[in-house]
Every structure is written in structure tokens, then in C-alpha cells.
Amino acid sequence: MNQETLALHYGYDKQQFGTMSVPIYQTTAYDFGSAETAANRFALKELGPIYTRLNNPTTDVLEARIAALENGEAAIATASGQAAIFFAIANLAEAGDNILVAKKIYGGATTLLTHTIKRFGITAKVFESDNADDLEALIDDKTKAIFFETLSNPQIAIPNIEKIVAIAQKYNIITVADNTVATPILFQPLNHGIDVSVHSASKYISGQGSAIGGLIVEAKGLNAKLIGNPRYPHFNEPDESYHGLVYADLPFPIFSLRIRLSLIRDIGATIAPFNSWLLIQGLETLSLRVKEHSRNAYKVASFLKSHPKVKKVSYPGLESDPLHVRAKQYFTDAQTSGLLSFEVEDLEFAKHILNSTKIFSVVVNIGDSKSIITHPASTTHQQLSVEELEKAGVKAGLIRLSIGLENADDLIHDLKIALG
Ligand SMILES: *Cc1c(COP(=O)(O)O)cnc(C)c1O
């Protein structure tokens, strides 16, 4: 089946209750019915709901659906995108290990993976993902994961995915890619040899800025890469926290199972059933929305490109963009979502534009159906000096847009007046 159909039907049997909408299982716990069933569930002799911190039937549908949309083996939902990134990495690396992290990624992922994770004894080495020329030299025996974004927020960069995957395969290292901005509609990481994809479902998947959630999807065949791989002994040796269970011996997708049975169980960043339900609604229309976001962004980018007061436009979907070759190589119809950035003369003019637009909201978020405008130099990157801003590629006159689902002509009109 194709993605549009899977997004509407996969993972839910309507005959069960006859409801068209997936029911919300707003429950903490489940009645096992008998002591034997309870024992069997805990012993993994049969899989079934135990307690909502571990699993929930509404969340099961969300997990099955995202796995199907990305052609993955299994998925696990988390309380947020940040939790998804943390669990994916903490499932591979532990104290004394290192991870390789792309330079151009989301700010929250940078602080998590290069600062906070140090407290757990894991160190990050940053690599240039545009070309990945420095990646191989950073690898050692303790390297447990390579992390990058398929379409980065906010830089709108597209890494050299082929090269990163080839190097990871050479050294039997697991790749984790954040596919939040591209979504499964524009890019399917697991079909390109990436092992694990993670999402902030709070963005395009939610679609209407109404829920925080995260997703982790494991590739088909990932068990074979983990079983017997000396880099990942904890999948192959007894887990003392689970009666000496050896994940490699189980007939299940062990990457996500180990997150469920240890990380989610113990750390507890679980998604609420109602948020799972909201994200299921989001998935139903994701393909329509993402294509329309991209078409709208293309029109706005083309307008900005032709405006005399705009110095530069970054949108890989535009034929003239330096990243268009990669957009064509990797992304469905070379579409690259609703994210774009442009540069004007200086800080004052940038602020004037933010204050003059009527339709765009001044917000730090992306992927909402409502259009958003941000000025990084005065918000997300405020602490940096002028020189540091230049180094980070954040010019004082840089403006970022998350193009929504309004009529593109109205958005263009709004920007035209603001630009004066
Ligand atoms: C927003 C975002 C995150 C963090 O997700 P939350 O759901 O806000 O925790 C991670 N990665 C990317 C690319 C994002 O845009």
C-alpha cells in the first residue's frame, strides 16, 4: 500500500469497535484477567498492555503507523522529540562511549548531545555533515552512534547522506537520523540505509501546533546489525535489570524493545494517550499538508528571490539553490518542506519586517499550519557576539520562515508590504 492509504488505515482494526476514529485508551493500567496472563506479559511470553508508562493501545496504533510510513520494522513513541533523541542515543552508548554529531542540527539536539549527555559520561565529537569529509577520522572503538538531521532545522542543510551511511556501514556503527523537517512524505531514511529515524512529532506530524510528541523508528533487519556486533555488547549480554534477559535471543525488534523495557520503563518520558490520538489525526493528512507547505514555500521563496531588498534566499526546493542537486537526489519531487530563510540589509530592517507582517506570527516553532516568522539574531542566537553570529552563519539581517497553509498569494502580499 502507498503512504496516503497507510496513514489513514494501518494498525487499527475498525471492526473491533466499529469506530471510524481510533479510540483513546485513557487508562493508566490494564486488567490482566488472570495471574497467568499477568506473569506471561511480564515474562514477554505474550506481548500485551501492562501499564501506560510502557505501552498503550492508542499509542500502539501511532507506533505501527509511523513504522509503516517509513517502511520500518517497529517504532516507539515518546513524550517529546527531545526524549526520542535521548532514548535512541542512550540505547546505543553508555558512560565511556562517544557519539558523532552533525554540526548543523536543531539547537535543542545540540545542547542535549554535546552538553547534557556529558553528565552521563558520553562525549560527542562534532562533524561537518555537508560533506562528511572529517567523519571517518573521528571514529574509534568507542564510537556508538552517528547522529544527523536529514533536512536540518534551522539551517535548512541537506547532508551527504550516502557518504555518512557508507562510512557507518564500513565500521558497523548505527546511524540515527532526525527526520522531523522532511517527514516520511518527503524522505524515507530507512530506505537510504539509515538504521534509526527519530522525529519531533510536535512539528509537521502534529501539524496544528497542538501536541508535543516524539517517535523512534527502527529499520528492518536492524537485529542482524546488533546481534554479535562487538560495539553493542548490551544487546548481546544479560540485562541484570530484567532477570538476565539477553535481547539478542528474543524474536522481536530488539532496538525498540530495549528502549521500552529499560529506558522508557525507568526514565518514563512516555507520551500521553490523548497526544498519541492527536498525532494519529495529524498523520492522516500529513502527505497533503507537507506537499502544500512545500508548494507554498516554493512560491514565497521565488517571490523573495526576485525582491530587490532581499540579499539572499535559502530554499533547496528552488532550482537556483546550491542544495537543489541534493534536494533532487533525496527528496520526493525535490520538495523541501515549509522552512526557508532570507537575508535583508541589517538588524533594524529585519525587526521592521517582523513587526510589519500581519499573517505571520512571531513564534519559535515550525510545522504549524499557520505561518511563522523568526529573527534568530535577536532570539535563538541572542547570546552570541557579532563575530560568533557570523561564524554560525547567522547574519543580523537573517529571517526564518515556516510557511503554513494560508493562500500563498496572501503570504506574498503580506511580505511585500512589510518589505516596503
Ligand atoms: C523541535 C525539534 C526537536 C525537539 O522536539 P520536541 O518535540 O520539541 O521535543 C528535535 N529535532 C528537530 C529537528 C526539531 O525541529
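The values are calculated or read from the model by the stated rules, or taken from the named source; none is laboratory data. In this text the structure is predicted, and so the values were computed from the model without any measurement. FYI the Cβ positions are ideal-geometry reconstructions off the backbone, even for glycines, and counts take in every protein chain you see. All accessible areas refer to the heavy atoms of the entire protein, side chains included, with ligands and DNA or RNA removed. Shrake-Rupley method; radii C 1.70, N 1.55, O 1.52, S 1.80 Å.
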Rounded to whole angstrom, the alpha-carbon centroid of the range 200-229 lies from that of the range 299-376 at a distance of 27 Å
May I ask for the percentage of alpha-carbon pairs in the range 238-302 that lie more than 17 Å from each other?
64 percent
As a test question: what accessible area, to the nearest 10 Å², does PHE349 have when a 1.4 Å probe is rolled over all protein chains in place?
40 Å²
So what is the orientation-averaged projected area of the chain, using the convex hull of its C-alpha atoms, in nm²?
20.8 nm²
For the chain, modelled as a GNM with alpha-carbon contacts under 10 angstrom, which of ILE139, ILE403, ILE267 fluctuates the most?
ILE267
From the residues PRO230, LEU279, SER34, which one has its Cα farthest along the dipole of the chain in the positive direction, the dipole being from +1 and -1 charges on Cβ of Lys/Arg and Asp/Glu about the Cα centre?
LEU279
Kindly flag which residue pairs out of LYS163/LYS328; LYS125/LYS395; LYS309/LYS370; LYS104/LYS370; LYS125/LYS220; LYS220/LYS291 have an alpha-carbon separation exceeding 21 Å in this structure.
LYS125/LYS395; LYS309/LYS370; LYS104/LYS370; LYS125/LYS220; LYS220/LYS291
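Considering the convex hull of the alpha carbon atoms of the range 288-419, report its projected area averaged over all viewing directions, in nm², one decimal.
Quarter of the Cα hull surface area: 7.7 nm².
Can you give the FRET efficiency for GLU345 and LEU288, using 1/(1 + (r/R0)^6), R0 = 30 Å, r = Cβ-Cβ distance, to the nearest 0.05? Display every interim value, and only then the final one.
Values: r = 37 Å, r/R0 = 1.25.
My answer for the efficiency is 0.20.
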Please figure out what share of the DSSP beta bridges in the range 288-419 is antiparallel and state it in percent, rounded to the nearest 5.
85 percent
Expressed as an acute angle from 0 to 90° and rounded to the nearest 10, what is the orientation of the C-alpha long axis of helix 273-305 relative to the principal long axis of the chain?
30 degrees
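Ignoring ligands, DNA and RNA, what percent of the accessible area of the chain is carbon or sulfur (1.4 Å)? Mind showing how you got there, number by number?
On the way: 9570 of 17880 Å².
Carbon and sulfur together cover 54 percent of it.
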Note the angle between two axes, namely the Cα long axis of helix 81-90 and the longest principal axis of the Cα atoms of the chain, as a number of degrees from 0 to 90, rounded to the nearest 10.
50 degrees
Provide THR5, THR180 ordered by accessible surface of protein heavy atoms (probe 1.4 Å), highest first.
THR5, THR180
Per the helix-only model, the chain has a calculated mean residue ellipticity at 222 nm (DSSP H runs of ≥4, -39500 (n - 2.57) each, divided over all residues, rounded to the nearest 500) of -9500 deg cm²/dmol
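Any idea of the accessible area per residue across the range 289-337, 1.4 Å probe, to the nearest Å²? Could the numbers behind the result be given before it?
Numbers: 2320 Å² over 49 residues.
Ligands and nucleic acids excluded, the result is 47 Å² per residue.
Among the DSSP beta bridges whose two residues both lie in the chain, what percent are antiparallel, rounded to the nearest 5? Please report the intermediate quantities before stating the final value.
Values: 24 of 43 bridges.
Within the chain, antiparallel bridges account for around 55 percent of the total.
Taking a probe of 1.4 Å, how large is the accessible area per residue of the range 375-420, in Å²?
Values: 2360 Å² over 46 residues.
For the range 375-420, the per-residue accessible area is 51 Å².
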On C-alpha positions alone, give me the angle between the axis of helix 57-69 and the longest principal axis of the chain, in degrees, nearest 10.
60 degrees
Mean Cα-pair separation over length for the range 288-419, i.e. relative contact order, pairs under 8 Å, 6 or more apart, %:
29 percent
Taking the Cα centre of the range 288-419 as the origin, how large is its charge dipole in debye, to the nearest 20, when only Lys and Arg (+1) and Asp and Glu (-1) carry charge on their Cβ atoms?
260 debye
Probe 1.4 Å, all protein chains in place: accessible area of GLU348 in Å², nearest 10?
120 Å²
Per residue, how much accessible surface does the range 8-281 expose to a 1.4 Å probe? Answer in Å², no decimals.
39 Å²
